[in-house]
Amino acid sequence: MTSRLLRLSLAAAFLLPPGAAAADSKLVVAMLPKSKGNAYHMSCVAGATRAARDLGVEFLFDGPTDSNAAKQNEIVENWITLGVDVIAVAAENREGISTALRKARRQGIQVITYDADAAPDARAFFVNQATPEGIAQALMDDAARLLGGEGEFAIILATLTAANQREWQKHIEARWKALYPKMKLVATRPCDDLKDKAQSEATALMSAHPNLRLIMAICSPAVPGAAEAVKQAGKTGRVKVIGLGLPSENRRYVKEGVTDTVILWKTEDLGYLTVEAAVALARGTLKPGAKSFTSRSLGTFAIQGDNILLGKPFAFNKGNIDQFDF
Amino acid sequence: MKPPSRDWPALLLRHEMLLVYVLLAEWLFFYFAGTTTNRRGVLIGFGTLDRQFDILRHSCEIGLLALALTPVILTGGIDLSVGSILGFCAIFLGLLWRDCGLPLPLAAACTLAMGVVAGGLNAVLIAALRLPPLIVTLGTYSLFRGLAEAITRGAITYTDFPAGFLFLGQERWLGLPAQAWLFALVALVVWLLVHRTTFGRSFRVIGFSPEGARYAGLPVERRLALGYLLAGGIAALAAIIYTARLGQAKADAGLGYELFAITAVVLGGTSIFGGTGTVHGTLLGVATIAVLKNGLACLPLVMRLNAAEELAGLLTGALLLLALAAGVLPRIRPFRRASRRPVDSTHPPAVPP
Amino acid sequence: MSRYAREISVAGAFALLLAVLAVFAPGFYQPQPLLSLATREAPTLLVACGMALVIISRQIDISVGSQFSVCGVCVGLLAGMQWPVIALLPAAVGLGALLGAVNGLLIAGLGLPSIVVTLAMMVTLRQGLNLVRQGKFVDLPEGFQWFGLPQATGQWLLVLGALAVVLGFAVALRYLAAGRFVYAIGSDAEAARLAGIRPRLGTFWVLIGLGALTGLAALMNVVQSPQVQPLAGSGLELKVIAAVVVGGVAISGGRGNLGGVLAGVLLLATISPALTHLRVEAYWEKAIQGAIVLLAVLAESARRRWAPR
C-alpha cells in the first residue's frame, strides 16, 4: 500500500493545470541525438535549443543514455503519437531508424537528419556537417602532413559496431591506400567511449608497435585519453595525436603540444542550423529541390541534392583553440 | 480458515494484485496527465490507440526474455546471457539469410534451433556440471556477445529484409501489432507450462529445495536443463522479432535487455531465490515497466526537462526497491532458507546468493 | 591437490600468458608501459578486493561501477572547489562507504536479495548521474594530477598503495577474527548465527567496506588524469566479478582468498594489451574473456569433484 501512496504523490507532483484539451499553437520540433551522455551531442543540442528560442518554437529532445539503435526507434515512435511537427535525428543506425522515420513521414510529420544520415527516402533533408569522405580526408591528410607521408599509425574508435565510425574508418583506409602508400595502419582498437580505456589502449599500442608515430582517435573521449597516454609514456612529440573531439576536452593537450589537431565542426552551429532548417521545412519555406538555405545568423548554406552542407571540418589547433568554449 | 480462493482480503492483497493496482494507477495517471490535443486538434499522447500499440510493440522482446527467465528463476537459477543470445541469434539469422542464401522461414527455424543450442551450453554447464548459474551465465553473456561481434567484426549489419518478414515487426495483424500475437502465444504456452503441468510445478519445487526435489524423485538436472534450453529458444524468437521490428540485425542487438527482463520478473513477485512466483506476475511486471517508461515520455513536465530516459531508469530502480521492500516479510524467510546447508554437502546448492 | 590448487592454477595461467608474450611479443616487457598498466589497474584491484569479501560472504554487488562513477565525479567537483588532498581522501572513502551503507541497509537490514537491490542501485545511480552531468567531463585543477607529485612517484605510490591495502585486507582476513567471520557467514549463515556471529551485521560491514574501497579506487583513478569522465567505471562490475571468480572465489560463498583475486585481476587485465601485442583483432576480446570465465568455473567444478575431502 505504501508503494501506491508514493505513486499518487509522485503523480500530484507532476500534474499540471487541469485541461486535458489544452491546444498548443506553437510548432513542436523534436530532436534525437545519438546519445545523451556525450558532450559532443549535447553541445549540438545546446545550439538547437538556442535556435528554438530565437525562432519561438517548442523544442523537445530525448535520446538513449547510451548508443542504442532500438531506443532511437522507440523514441521516434513515441513522438509520432505525441504529434510533433518535425523530427530531427542523428541516426545511430541508418536502416533501423529509417523504418521509424518513414512511418513518421506517412503520418505527416516532417523529418530531417543531422550528423549521421538515414535512408534518403526516410527524410527530407540531411544537415551534413561534413561528409564522411570529407572527415576522413581531413584526418588522413593531417596525419600525412604530420608524419611527412610515411610512418605507422593506429586508430582508436568508440566501438566496433558504431556505424558512422566504421564508415569514417573505411574512408580513411581508402584514402591512405590511395594516396599515402608509405604510411601503414597497424591497428584499430575500440575504447567503448571511455577516456580511461582509450588511455590503456593507447599505452598498449605504443608498446606493441615501437615504430608507431601517430594515433588517430576518432571518438571524442578517446582524444584526451590517447593524449594522456602519450604524455605519460613520455613520448610527446614522438607520437602525434590527432582526432575528432571537442576543443574544451582537448585544450590542455593542444596547448602542451601533445595533441596537434582536433578536427570537428562547430557543433552548436550544426544544432542551430538543424533546428532552423527543421522549422523552415515545417513552415513550408524550405522545399525539396531548393539549392540553398539562408540562416538568420549563420549565413547561406549550399544544398547539394538533399544535403544541407555546414561546410568543411574545422581544425582546432594551438593557434585558434582558445576562441572556442564548447 | 477459509479456502484460498474464498479468502477475498488475502486475495486482494497478494503481490500480483498490488501490482495490478500500481499498473492501473500509473496507467490512469499517464492517461490524464499525458494526453492532450495538438494544434491541429488531434488527440495526442498517452491516450491514443497508437501509443498503446507502441507500448505493446516495444515491450515484446523484453517481455519474451522475461518469460524466458521466469522458469529459470523459479528453479533458483538465473540467466544473464539471454540478451547476448538474442544478439547472437539475430546475427545468425542475418548470416543464414544473406550469406548462406537460405529462405527466411528456414533461416528463422534454424535460428530458433541455434537459440536452443546456445541455451544448451548453459544447460550443460549448470545442470550437468552443477556450476553456479550466476557465473556461468556471466561467462556466456560475454561469450555470445563476443561471438556476435567476432562474426560480424563488429561492423557488418544485415539489412534489406523482405517486406513479408518486416511485417512481423512493424505491421498489424487482425487489429493488433503482429508480434503481439506471437508474444501472446508464447505467454500462454509458458503460463500453461509453469502453472498447469507437472513440469512447471517441479520448477518451483526445485527452487524451493533442490535436495527435497531430488529425494522426491524428480529428475532435477533434466528439469533445470529444460529451463535453460527454453530460455535460449525464446531468446532466439525475440531476436527474430527484434530484427523484424528494426529491419536490421547487428551485433549489439539486445544489449542491456537482460537487466530489464530480470527487473520485470522480480517486480512481478518471483523470488530471485526461486520457489515462488508466477508467469502472470512477470507479465504484469513487464507491463508496469513498459507503461512507466512510455508514459513518462508523454508528460509535458518531463518533456520540458528532456529527462524521460533518466527518469524512467530512476523510477524503475525505485519501483523495484519499493516492490522488494513491500514484500519484505515473506522475503525474509528465503534469505534464511538460502543459507541453509544442503543435506548432501558435496554439491553446492543451486541457489545463488 | 593442495588447498590452494585453484589459486595456483590461476597464477599458472597468468604465467603461461606471460610466457606466450615473452616468446611472441617480447615488446610487452618494457618498464614504462608495464608501470602504466599497473597504475591503470590499481583501482580495479581495490574494488576486486572489496568484491571478493562480499562474494565470500555470499552476497553480490553489481552497483560498484555506478558507485565508482558517482564517487569519481564528486571527488572531481570537490577538487575543483579547492579542497586539499587531505580532505579528499576521507571524502572519497566516506562517500563510497555511504553508498555501500545504503546497499547494506537494504540487504542486511531488510533482508532483500543482494542481486536485485544492487541492480536497482546501479540503474538509479547511473541515471541520476546522467541527469545531473549529461556526460560532461569534470575538469580538475592544475597540479592535482598525481597529487602534485612527479608522474613516476605518483604511479609507484598508487600501485604500492593498492597492493598495501590488499595485503592489509588479506592479513585481516586470515588472522583477525573478523576475517574468519566473513568466511563463516558465507559458508553457513545459520551456523554462524548459532556460533554467536551476527551475519547481518557482518554483511552490512562487508558492503560498507566494498563501498569505501570503491570510493578510494575512484580517487586513485581521478588523480591519474586531468579530467574525469562521468561514464568512467561503466562495466566495472562485470570486470571485477569476473576477476574475482577467475581468482578462485566461489560464488556460493565461503571460499577464496585475496592472492587468487590478485592473480585473477592480473590475468584479466593483461588480456587486452596481450591481444594488441599479439596482433589479434579487437573483436575477439569479449569472446576470449567469456571463455576464460567459463574455464575458471569449470576448473572450480573439477577441483570440487576431485579434491580430497
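The values are calculated or read from the model by the stated rules, or taken from the named source; none is laboratory data. Note that the coordinates shown come from a computational prediction; the quantities given were computed from them, not determined experimentally. Positions of Cβ are generated from backbone atoms using ideal geometry, with glycine treated the same way; all protein chains shown enter the neighbour counts.
Among the residues that make up segment C:129-152, is at least one of them under 17 Å from the mean Cα position of the chain (by Cα), within 25 Å of A:Leu194 (Cβ to Cβ), surrounded by fewer than 23 Cβ atoms within 10 Å (Cβ to Cβ) and not small (Gly, Ala, Ser)? Spell out how you get there, then give the answer.
Keep residues of segment C:129-152 that are under 17 Å from the mean Cα position of the chain (by Cα), which gives none.
Scanning segment C:129-152, I find no residue that is under 17 Å from the mean Cα position of the chain (by Cα), within 25 Å of A:Leu194 (Cβ to Cβ), surrounded by fewer than 23 Cβ atoms within 10 Å (Cβ to Cβ) and not small (Gly, Ala, Ser), so the answer is no.
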Checklist line | Hits in segment A:165-193 - residues which are farther than 22 Å from A:Arg145 by Cα, buried (at least 21 other Cβ atoms within 10 Å of the Cβ), within 18 Å of the chain's Cα centre (by Cα) and more than 10 Å from chain B (Cβ to nearest Cβ) | finding: A:Cys191, A:Asp193
Next item on the list: Quick one: in segment C:92-116, of everything that is touching a residue at least 24 places away in the same chain (Cβ under 8 Å), over 27 Å from A:Glu228 (Cα atoms) and of a type in the set (Val, Ile, Thr), which residue is surrounded by the fewest Cβ atoms within 10 Å (Cβ to Cβ)?
Entry: C:Ile115
Next item on the list: Answer yes if at least one residue in segment C:25-48 is more than 15 Å from C:Thr270 (Cα to Cα), away from chain A (no Cβ under 14 Å) and buried (at least 19 other Cβ atoms within 10 Å of the Cβ), and no otherwise.
Entry: yes
Note to self: Out of B:Leu147, B:Leu182, B:Leu192, B:Leu176, I need the residue that is modelled with pLDDT of 90 or more and surrounded by fewer than 17 Cβ atoms within 10 Å (Cβ to Cβ). Which one?
What the structure shows: B:Leu192
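Quickly run through segment A:51-70 and pick out the residues that are farther than 17 Å from A:Asn164 by Cβ and either out of contact with any Phe, Trp or Tyr (no Cβ under 6 Å at 6 or more places or on another chain) or at the interface with another protein chain (Cβ under 9 Å from one of its Cβ atoms) (or both).
Passing the criteria: A:Arg53, A:Asp54, A:Leu55, A:Gly56, A:Val57, A:Glu58, A:Phe59, A:Leu60, A:Phe61, A:Asp62, A:Thr65, A:Ala70.
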Notebook entry, point to check: Does segment C:70-81 include one or more residues that are more than 12 Å from chain A (Cβ to nearest Cβ), more than 30 Å from C:Ala189 (Cα to Cα) and of a type outside the set (A, V, I, L, M, F, W, C)?
Noted result: yes
Check: Any idea which of B:Gly63, B:Gly45 is in contact (Cβ under 8 Å) with a residue 24 or more places away in the chain, buried (at least 17 other Cβ atoms within 10 Å of the Cβ), out of contact with any Asp or Glu (no Cβ under 6 Å at 6 or more places or on another chain) and farther than 15 Å from B:Val286 by Cα?
Finding: B:Gly45
Check: Is at least one residue of segment C:181-190 within 14 Å of chain B (Cβ to nearest Cβ), more than 21 Å from C:Ser63 (Cβ to Cβ), among the charged types (D, E, K, R) and in contact (Cβ under 8 Å) with a residue 40 or more places away in the chain?
Finding: yes
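Of all residues being of a type in the set (Ser, Thr, Tyr), more than 14 Å from chain A (Cβ to nearest Cβ) and surrounded by 24 or more Cβ atoms within 10 Å (Cβ to Cβ) in segment B:229-282, which is farthest from B:Leu166 (Cα to Cα)? Just the residue, please.
Filtering segment B:229-282 for residues of a type in the set (Ser, Thr, Tyr) gives B:242-243, B:257, B:263, B:270-271, B:276, B:278, B:282.
Pick out the ones that are also more than 14 Å from chain A (Cβ to nearest Cβ) and you get B:263, B:270-271, B:276, B:278, B:282.
Those left that are additionally surrounded by 24 or more Cβ atoms within 10 Å (Cβ to Cβ): B:263, B:270-271, B:282.
On the way: B:Thr263: 29, B:Thr270: 34, B:Ser271: 37, B:Thr282: 28 Å.
Top of the filtered list is B:Ser271.
Looking only at helices (runs of 4 or more DSSP H) that fall completely inside segment B:145-217, which ones have 2 or more residues that are within 14 Å of another protein chain (Cβ to nearest Cβ) and under 20 Å from A:Arg94 (Cα atoms)?
Values: elements: B:163-170, B:178-196, B:198-208, B:210-215.
The qualifying helices (runs of 4 or more DSSP H) are B:163-170.
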Notebook entry, point to check: Which one of these is free of Cβ contacts under 8 Å to residues at least 24 places away in the same chain and more than 26 Å from B:Leu324 (Cβ to Cβ): B:Leu301, B:Leu246?
Noted result: B:Leu301
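Filter segment B:15-66 down to residues that are among the small types (Gly, Ala, Ser) and under 25 Å from B:Glu171 (Cβ atoms) and give me whichever is nearest to the other protein chains (Cβ to nearest Cβ). If you could, list the steps in order and put the result at the bottom.
First, pick out the residues of segment B:15-66 that are among the small types (Gly, Ala, Ser): B:25, B:33-34, B:41, B:45, B:47, B:59, B:63, B:66.
With the extra rule that they be under 25 Å from B:Glu171 (Cβ atoms), the set shrinks to B:45, B:47, B:59, B:63, B:66.
Numbers: B:Gly45: 6, B:Gly47: 8, B:Ser59: 10, B:Gly63: 14, B:Ala66: 14 Å.
Looking at the filtered set, the residue picked out is B:Gly45.
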Notebook entry, point to check: Among the residues of segment A:44-69, how many are in a helix (DSSP H, G or I), at pLDDT 85 or above and of a type in the set (Gly, Ala, Ser)?
Noted result: 5
Next item on the list: Scan C:Leu207, C:Leu275, C:Leu231, C:Leu266 and give me the residue that is under 12 Å from the mean Cα position of the chain (by Cα) and either facing another protein chain (nearest Cβ under 9 Å) or assigned to a helix (DSSP H, G or I) (or both).
Entry: C:Leu266
Next item on the list: Collect the residues in segment A:94-120 that are in a helix (DSSP H, G or I) and in contact (Cβ under 8 Å) with a residue 60 or more places away in the chain, keeping them in residue-number order.
Entry: A:Arg94, A:Pro120
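Criterion first (in a helix (DSSP H, G or I), of a type in the set (Asp, Glu) and at pLDDT below 90) does C:Glu190 satisfy it? Give the derivation first.
Working: in a helix (DSSP H, G or I): yes; of a type in the set (Asp, Glu): yes; at pLDDT below 90: yes.
Criteria met by C:Glu190.
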Notebook entry, point to check: Take the residues of segment A:96-109 that are surrounded by fewer than 24 Cβ atoms within 10 Å (Cβ to Cβ) and either touching a strand residue (DSSP E or B) at 6+ places or on another chain (Cβ under 9 Å) or not assigned by TED's automatic domain parsing to the domain that holds A:Pro64 (or both): which is nearest to B:Gly169 (Cα to Cα)?
Noted result: A:Arg102
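Of all the strands (runs of 3 or more DSSP E) wholly in segment A:222-326, which have at least 1 residues that are over 28 Å from A:Leu194 (Cα atoms) and touching a helix residue (DSSP H, G or I) at 6+ places or on another chain (Cβ under 9 Å)?
Values: elements: A:240-244, A:259-264, A:292-295, A:299-304, A:307-309, A:314-316.
Qualifying strands (runs of 3 or more DSSP E): A:292-295, A:299-304, A:307-309.
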Notebook entry, point to check: Looking at B:Ala312, is it under 22 Å from the mean Cα position of the chain (by Cα) and either hydrophobic (A, V, I, L, M, F, W, C) or at pLDDT below 90 (or both)?
Noted result: yes
Next item on the list: Scan segment A:75-106 residue by residue and report those that are farther than 23 Å from A:Met42 by Cβ and more than 9 Å from chain B (Cβ to nearest Cβ).
Entry: A:Arg102, A:Ala104, A:Arg105, A:Arg106
Next item on the list: Return the only residue of B:Thr140, B:Thr159, B:Thr111 being β-branched (Val, Ile, Thr) and either on the phi > 0 side of the Ramachandran plot or at pLDDT below 90 (or both).
Entry: B:Thr159
Margin query: Quick check on segment C:1-21: of everything there that is within 21 Å of the chain's Cα centre (by Cα) and of a type in the set (Val, Ile, Thr), which residue is nearest to C:Val244 (Cα to Cα)?
Written below: C:Val10
Check: So which residues in segment C:122-138 are within 13 Å of C:Asp61 (Cα to Cα) and more than 7 Å from chain B (Cβ to nearest Cβ)?
Finding: C:Met122
Note to self: Given the criteria without any contact (Cβ under 8 Å) to a residue 24 or more places away in the chain, among the hydroxyl-bearing types (Ser, Thr, Tyr) and in contact with a strand residue (DSSP E or B) (Cβ under 8 Å, 6 or more places away or on another chain), does A:Thr300 qualify?
What the structure shows: yes
